[in-house]
Amino acid sequence: MLTGLQAIVLAAGKSSRFKTKRTKLVEKICGQEMVLYTTKLLESLAIPTAVVVGYQKDLVTAAITHAHDERVAFIEQEEQRGTGHAIICSQHHWTQDHILILNGDVPLLTARIIEELYQKHCASQAAISFVVAHNSEPLHSYGRVITADGRIEIVEAKEFTGDAHEHCCINAGVYIASRAFLEQSISNITLNEKAQEFYITDLVKIASEKQLPVCTTVAPFDRIRGVNTFQELWAVEQITRAELIKYWMSEGIRFTAAQNVHIDLGVTIGSGSVIGCGAHLLGNTRIGTDCTVHAFSIIESSIVGDNCTIESHSIVKRSILGNDVQVGPFAHLCEQVTAEDHSIIGNFVEVKRSRIGEYTKAKHLSYIGDTTVGSQVNIGAGTIVCNYDGSTKHHTVIADQAYIGSNNSIVAPVSIGKGAFTAAGSVITDDVPDLALAIARARQVNKHLYAERMQSKRAHVSTKEHTETDATSFICAIRTDSEIESLE
């Protein structure tokens, strides 16, 4: 436990380099808002935390409060005038002997880096300590650490004019300062005339000029990557996703094209499962053992039992699948669908707010909405449940072992009894008793010699004037009730 340490997270900036007019801190990385990577890391280390908010503060505070309840304090920086100004705004929150200061856009930072920095800071009794990394590329988001004549300072990226290969040590933006040093020095930060901002990096220069101990610790560049552009966001997400996939591979999961799979932090997968190319596993999805998720399917915030098969291009959202369930291809389950053991939801079938019983099959081209379907039911191809009357969603019940014929329209609210049949092409508007057969369609009538008489009629029409040869006139001539009756 890192006693005597508290954290100030800087999360008030305008994210101007994102060019979206939206704070970058709520952009998601593998399903989790960027700022939560920092706040959850600090929570795991039991470090009391306050977050400095400003630009679009409501979005940032809502995301953090949802994840942490009331365990994180907030400090408002009403005018965004730089990192140094943000620390000045936080002064009334300083209660511990040492203050950890870090940006909210460094999502790959690890507990080990913070622990190592704090240990060295305390051991050297430093006024201020900070994390550095080595990168000789001409980066535009990182200040360079310059050491000369026994002094150390950080030159902001926009002001650095030297050789990046010569000065390859960069500032990670993670600091620990003693509270006593901050209280004595915070008012000495000067306004940068060019940027019209106060920089926290001035504290390093102040400590060095006063010949106070300044300590650094080195971390891998990938671990201190900041996110200021969508390119940097993409890079960080690629690293995070690769780590997740490597972990699940070590747990017995096969990815047929790991580089093309999207997986979120909250996802869990049982051993023996296979995840196909282009699959998206999102939210808090739980997939059981020995499942197969085929190519380009999306499973979001759902529970999938053992031995399930999700065929390609299927979507399962906020739903629960039992064991040995088959879905797809091109199926769509959304909004509180429960498919019980051994059920089949097949090609181009959409299910919404419904329960599908054990061993029930809906294999082709159907829509099932607001319906409770029992076990061992067969839903014929082309069947739809008409659950919406334009103002209200109505419920339908289909009991166990019912057989629903192809191309049925079931007009809710209605109940179909146990073991009942409905004939193909029926429009079911009334309840069907147990074991009954419901036929709801017009009786077929055959008109004998109809084709022969139509040919005679066509020949007669073709001899008339041009106005009578119009196709519409011809159709009207043979489609009136009296004409049809005359053909009997």
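Quick note: the coordinates plus some simple rules give every number you see, no bench work behind them. This is a predicted model, so every value here is computed, not measured. Cβ placement follows ideal geometry from the backbone for every residue including glycine, while neighbour counts extend to all protein chains displayed.
In table form, for the structure just shown:
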{"quantity": "Pairs beyond 30 Å (Cα-Cα), from Lys57/Lys393; Lys19/Lys158; Lys363/Lys393", "calculated": "Lys57/Lys393"}
{"quantity": "Kirkwood Rh and Cα Rg combined as Rg/Rh, region 344-438", "calculated": "0.92"}
{"quantity": "The chain - Debye-derived log10 I(q)/I(0), Cα point model, q = 0.10, 0.11, 0.13 Å⁻¹", "calculated": "-0.86, -0.94, -1.12"}
{"quantity": "Pair-distance profile P(r), taking every C-alpha pair of region 20-89, with 10 angstrom steps and integer %", "calculated": "19, 53, 27, 1"}
{"quantity": "Along principal axes, Cα extents of region 1-124, largest first, whole Å", "calculated": "44, 32, 27"}
{"quantity": "Inter-label distance, nm, simple model (7 Å from Cα along the C-beta direction), Ser456/Lys393", "calculated": "5.8"}
{"quantity": "Amide proton proximity set for Glu197, modelled H, under 5 Å, gap of 5+", "calculated": "Asn192"}
{"quantity": "Ellipticity estimate at 222 nm from DSSP helix runs (n ≥ 4, -39,500 (n - 2.57)) divided over the chain, nearest 500", "calculated": "-6500 deg cm²/dmol"}
{"quantity": "Convex hull volume of region 5-224 per residue (C-alpha atoms, cubic angstrom)", "calculated": "125"}
{"quantity": "Alpha-carbon Rg/Rh ratio, for region 232-339, with Rh computed the Kirkwood way", "calculated": "0.95"}
{"quantity": "Label-to-label distance, nm, for residues given as Thr61 and Arg443 (7 Å Cα→Cβ offset)", "calculated": "7.4"}
{"quantity": "From the C-alpha gyration tensor of region 149-276, square roots of 5λ in Å", "calculated": "43, 17, 14"}
{"quantity": "Extension gain from Ala123 to Thr372, taking 0.36 nm per residue of separation minus the Cα-Cα distance", "calculated": "83.0 nm"}
{"quantity": "Contact order normalised by residue count of the chain, Cα under 8 Å, 6+ apart, percent", "calculated": "7"}
{"quantity": "Two-decimal ratio, region 230-438, of alpha-carbon radius of gyration to 2.2 N^0.38 Å", "calculated": "1.13"}
{"quantity": "Contour excess over end-to-end distance, with Cα ends at Thr268 and Gln96 and 0.36 nm allotted per residue", "calculated": "58.1 nm"}
{"quantity": "Cβ-Cβ FRET estimate between Glu243 and Gln80, R0 fixed at 41 Å, reported to 0.05", "calculated": "0.80"}
{"quantity": "Order of Glu43, Glu78 under a 10 Å beta carbon neighbour criterion, fewest first", "calculated": "Glu78, Glu43"}
